[in-house]
Every structure is written in structure tokens, then in C-alpha cells.
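Written below as C-alpha cells is the structure these notes are about.
The values are calculated or read from the model by the stated rules, or taken from the named source; none is laboratory data. Note that the coordinates shown come from a computational prediction; the quantities given were computed from them, not determined experimentally. Virtual Cβ from ideal backbone geometry, glycine too; neighbours counted across all protein chains shown. When the accessible area is computed, the model is the full protein with side chains, heavy atoms only, and any ligands, DNA or RNA have been set aside. Shrake-Rupley method; radii C 1.70, N 1.55, O 1.52, S 1.80 Å.
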Amino acid sequence: MPTDTKRVRGPEVSQSLSRFVCKPETTLPSDGTRTDGRSRDQVDVRPVFVRCGLVSQAKGSAYIEAGNTKLICCVYGPKETERKDETDMKCGRLFADMRFAPFSCPERGSWIQGSHEKDLSLMVLESLQPAVCLHKYPRSQIDINVMVLENNGSALAHAITCASLALADAGIEMYDLVLGCSIRQDGASYLIDPTFLEESGSCWGSGENQGSLTVSFLPSLNQISGLQSDGEMGEGTLTAGVRTCIEGCYKLYPVIQQALVKAVRGAAPPPSES
């Protein structure tokens, strides 16, 4: 039988790669602390790393990393709309597509967009539409593509922030940036910016005020552009959760502003010598 000369042969004595893989935790600590050292019932969001303009083929792009949650977003347009049979062409159209990479979750997914990804794409679209000056782009469409590279919780909230940053990097006129923040409610206690394990319903008991909340917020205008709630929470708990998410957005705002300023200064031409 002929041998494959292009294939690199491994050593005769080897060990399985699974022996060196760290198994993720499947249960929360029993003492009530969080797995990453943050405190409960505190507006303690994960440190965020942000960069703009990473994809040269796109009109605007942004990358955000919060803990082990990593996303990248590309914006294309404005370009001529593909639907020419629309009756109202005075305003532009916004399209959003959010997908999870097959390797982003503990269980490998598919490239085909599922119903969950379609719901998240709709939430991203509804959160960004109030902030974009669509009347400035008649007969045009703007495409937003979000890819989750690694999902360690709060993917929707960070996707909204990343998409807003990419729109600003593309030079799309906006009323304000849109920041996202989420919490996980556990009875009388809450966890802001939850990880994948913390937002998983299998790790929580049954009872009142069990659910999650994601808020999209325009910090300069002090307005909420989107809200998604899962589970059962009372009116008072839901109101307090919205206020907590707004505080989390205000904590992220300076980081996003600095990333935009750095991107603008990097793209600006050097001053001419007189």
C-alpha cells in the first residue's frame, strides 16, 4: 500500500490530547461566590478589551472581549437597497445577522443559522434602529454581521455594544452609541454580566424572581432602545434590574469612548508641515 508522503507522521509513543484539556466547571460554588471572583449584588462588570477597524474589507468593524466572551462585528454599506419594490424609500434599511461560530460554545454548533440566532439577530436590529439616522440614507441599506467567536455568557449584550461600535467606526450617522448589559436574577440576589455557567438555567433552583434581563441603553440621551426578559420576575425586581443594567452601561461607556477616539486618531492623516 503506498504511503502518503504529504502527511506528517506523529510519534510512535503519544498521549491523547483530552488528557491535557481543562474540563469546564459545571456547578457554581456552594458558598455563593462567583467563579471569576466578582461579587454578587454589585455592579461589577468584567474587564473589556475593545478595538476598531480590524477588518479592512468592511466599511467598519469592531472587536470586543469581555472575560472569555469574544465577538467581532463587520458593517457593510450604505449601499443601494436590494429590494426595489419598497413603497417607502425615504429612509434607509438596517439588516442585522448574528451567528455563533461552531467552536464558540461547549457543544459544537452548526454553520446553519438556527431559531435562537434569528431571535438574537432581531434583538440586535431592534436595539440599534432607534440610534441610527436612517433618514440620512434614503434608498440604501446597511448590513451588520456579528460573529461570536467564544461564548462565555452575555453574548447578546456584548453583541449590541460591538455592533454599535462598528457602526460608529463605519462613519454611519447616529444619535448616540448603544451599549448592552445583562443580569441574572436569583431570587433576591443578582449577578451582573453573567458568565455562561451563571446564566445557564440548569444551575439555578426554582422559585420567585428567577430569570435574566438584557437592556440596550443610549447613555448620552439617557434612553432605553431595547429590553429582553426571560423567566419570571416581579415588577419591582424588573425595575431594579433595569436600573442595575443602566449602571453597568455607564461603567462601559468610557472604555467604548476611548476605543473610538483611538480609532479616529489612527485613521486621521498626519498634520501637514507648513
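Descriptive notes on the structure:
- Residues satisfying the stated conditions in segment 228-260, i.e. in a helix (DSSP H, G or I), open to solvent by 40 Å² or more (accessible area, probe 1.4 Å) and among the polar types (S, T, N, Q): Thr239, Gln257, Gln258
- In segment 166-185, of all residues being without any contact (Cβ under 8 Å) to a residue 60 or more places away in the chain and among the hydrophobic types (A, V, I, L, M, F, W, C), the one that is least open to solvent (accessible area, probe 1.4 Å) corresponds to Val178.
- Of all the numbered requirements in (1) open to solvent by 50 Å² or more (accessible area, probe 1.4 Å); (2) modelled with pLDDT of 90 or more; (3) in contact with a Gly (Cβ under 9 Å, 6 or more places away or on another chain), Ile224 misses one, and that requirement is (3).
- You will find that of Ser212, Ser216, the residue that is open to solvent by 30 Å² or more (accessible area, probe 1.4 Å), of a type in the set (Gly, Ala, Ser), assigned to a strand (DSSP E or B) and at pLDDT 85 or above is Ser212 and no other.
- Condition check for Pro106: open to solvent by 20 Å² or more (accessible area, probe 1.4 Å), at pLDDT below 90 and in contact with a Cys (Cβ under 7 Å, 6 or more places away or on another chain): no
- Segment 41-64, subset of a type in the set (D, E, K, R) and at pLDDT 85 or above, residue farthest from the chain's Cα centre (by Cα): Lys59
- Residue in segment 29-37 that is modelled with pLDDT of 90 or more and open to solvent by 50 Å² or more (accessible area, probe 1.4 Å) present: no
- Residue check, Tyr190 among the aromatic types (Phe, Trp, Tyr), in contact (Cβ under 8 Å) with a residue 60 or more places away in the chain and either within 15 Å of Ser127 (Cα to Cα) or open to solvent by 30 Å² or more (accessible area, probe 1.4 Å) (or both): yes
- Set Asp186, Asp193, Asp176: member being more than 15 Å from Ala66 (Cα to Cα), within 18 Å of the chain's Cα centre (by Cα) and not hydrophobic (A, V, I, L, M, F, W, C): Asp176
- Residue in segment 134-153 that is most open to solvent (accessible area, probe 1.4 Å), counting only those that are in a loop (DSSP other than H, G, I, E, B) and touching a helix residue (DSSP H, G or I) at 6+ places or on another chain (Cβ under 7 Å): Asn152
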